[in-house]
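A short write-up of the structure that comes next.
The values are calculated or read from the model by the stated rules, or taken from the named source; none is laboratory data. Just so you know, these numbers come straight off a predicted model, no measurement behind them. Methodologically, a virtual Cβ is constructed for each residue, glycine included, from the backbone with ideal geometry; neighbour enumeration extends over all protein chains shown.
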Amino acid sequence: MTLTLAQLQRGQKAIIEDFNVDLIPLKLLEMGCLPGNEVELLQVAPFGDPLYITVNDSHVAIRLETAKEITISIIKENHL
């Protein structure tokens, strides 16, 4: 089963595996949202969109539809 950034739980960390570069805004790429980088879900806004993440030591708000296009592998389970 392929996991996406949209499926990450609050506090979980993951490694970005892949995405379709045509569907990801250039600004996210510039901020380090690239394969191999670690990402952590910090918070989810009311109604589930947007997601507030940290990637490459930057805090980023990302739309849910964009998060669904980024495949990940979880590296740390949520211990909240």
Close pairs from region 52-69: first more than 15 Å from Gly32 (Cβ to Cβ) and without any contact (Cβ under 8 Å) to a residue 60 or more places away in the chain, partner part of a strand (DSSP E or B) and not small (Gly, Ala, Ser), Cβ under 6 Å, at least 6 apart: Tyr52/Leu42; Tyr52/Gln43
- line: Only unsatisfied item for Gly32, checking (1) at positive phi; (2) exposed (fewer than 15 other Cβ atoms within 10 Å of the Cβ), is (2)
- line: Of the conditions (1) within 24 Å of Met1 (Cα to Cα); (2) hydrophobic (A, V, I, L, M, F, W, C); (3) in contact with a helix residue (DSSP H, G or I) (Cβ under 8 Å, 6 or more places away or on another chain); (4) surrounded by 12 or more Cβ atoms within 10 Å (Cβ to Cβ), the single one that Leu23 does not satisfy is (4)
field: Residue among Ile16, Ile24 that alone is under 11 Å from the mean Cα position of the chain (by Cα) and not polar (S, T, N, Q)
entry: Ile16
query: So which residues in region 35-62 are of a type in the set (D, E, K, R) and surrounded by 14 or more Cβ atoms within 10 Å (Cβ to Cβ), if there are any at all?
result: Glu38, Glu40, Asp49
message: Given the criteria surrounded by 14 or more Cβ atoms within 10 Å (Cβ to Cβ), within 9 Å of the chain's Cα centre (by Cα) and at pLDDT below 95, does Ile74 qualify?
response: no
